[in-house]
Every structure is written in structure tokens, then in C-alpha cells.
């Protein structure tokens, strides 16, 4: 008989893959509403960060690395750069998960926003060092701002729609997931 926790963990990993496939599909559609050029949020990164602060075992490093590397290829970004920065940000947040269990949402949101902004600055610096063409700074700031503003919506979808809540201390002791 299979352990129900194992089934739940692997089913949410599958749900994460479905969410990333849907997000990638909608990013690739040639839709433009209005005349403004407000970039959409990076939902793959937002879901990965939200889930790693709620249930770190649902988003393992290898899964996020593969998804982000494929996204680099699909969205014609420098291969591996955004994936590596995403993994560094994800692992930074994963290491903070035990201490962030009791933090209010505003502090969690600020911590995630800080990580996303640090990733964006590092990404632009790496591209500048190697003299790779970049989008305008304003467009990059708007993209990060839309991702940061979409984070509470991602949390609401994860919590109310999918039932992903933060690990309680008793669950962490039961699962032996205390670092």
C-alpha cells in the first residue's frame, strides 16, 4: 500500500507541472489587450516561491530546475541564467521556511519581493557584463512589479483552491521536517 503522504506529494508535483504548462501556454499566445505594454507576471516563479514557503517537499530542486531551464529555452532567454537564479532564490527561501512559519503574510511577501528584486538585479548585471541585449529597465521593473503584486493571488489560489497551507509545527515534527 502506498503512503497517502507520498501520493499527495507526487500529485502536487504533477499539479505544479500542469500549472507551469498552462502558464507557458498562455504566455505564448499572441494576446494583447489594450495599447499598454504591461508585462505579465512570472507565475512559474511565483507558484514555486509560494509553495516552497508552504510545503517545501512539493517543489523539489530538480523539478524547478528542469521547468525553469525549459522556460529559458522556450522564452528565448540566455539558457540557464534565470534558472540558476531561480534555484538560488528558491533555496534561500527554503532555508528560511522553518522560521517563516510563524511570520505574518506581509513579512513573507516582503521577503519574497526582496528575493525577486535581487534576482532581477543580478540577472540584469550578468546580461550587462556579457553585453547581451536587454529589455528596457522600465519594462523589467514592471515585470517584477507584476510578479510581486500577483503573489497574494497565487497564495490565495494555492491555499483556497488547492488546499496548500503552511506546515504546522506538529506536522513538521511528525514528518521530521525540522532543519
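The values are calculated or read from the model by the stated rules, or taken from the named source; none is laboratory data. Everything numeric in this text was worked out from a predicted model, so none of it was measured. Cβ sites come from the backbone with ideal geometry, for glycine too, and all protein chains shown count toward neighbours.
Conditions tested, residue by residue: (1) touching a residue at least 40 places away in the same chain (Cβ under 8 Å); (2) surrounded by 14 or more Cβ atoms within 10 Å (Cβ to Cβ); (3) farther than 17 Å from residue 82 by Cα; (4) touching a helix residue (DSSP H, G or I) at 6+ places or on another chain (Cβ under 7 Å).
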position	(1), (2), (3), (4)
2	no, no, yes, no
23	no, yes, no, yes
47	yes, yes, no, yes
56	yes, yes, yes, yes
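I'm checking my understanding of the structure. Among residues of the range 72-102 that are outside any helix (DSSP H, G or I) and in contact with a helix residue (DSSP H, G or I) (Cβ under 8 Å, 6 or more places away or on another chain), which one is modelled with the lowest pLDDT? Taking the candidates together, the pick is 101.
Quick grid of which residues meet (1) surrounded by 13 or more Cβ atoms within 10 Å (Cβ to Cβ); (2) in contact with a strand residue (DSSP E or B) (Cβ under 8 Å, 6 or more places away or on another chain); (3) in a helix (DSSP H, G or I):
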{"residue": "109", "(1), (2), (3)": "yes, no, yes"}
{"residue": "116", "(1), (2), (3)": "yes, no, yes"}
{"residue": "133", "(1), (2), (3)": "no, no, no"}
{"residue": "143", "(1), (2), (3)": "yes, no, yes"}
{"residue": "151", "(1), (2), (3)": "yes, no, yes"}
{"residue": "163", "(1), (2), (3)": "no, no, no"}
{"residue": "167", "(1), (2), (3)": "yes, no, no"}
{"residue": "170", "(1), (2), (3)": "no, no, yes"}
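Which ones in the range 119-134 are touching a helix residue (DSSP H, G or I) at 6+ places or on another chain (Cβ under 9 Å) and more than 15 Å from residue 42 (Cα to Cα)? 122, 124, 126, 127, 132, 133, 134 - these are the residues of the range 119-134 that are touching a helix residue (DSSP H, G or I) at 6+ places or on another chain (Cβ under 9 Å) and more than 15 Å from residue 42 (Cα to Cα).
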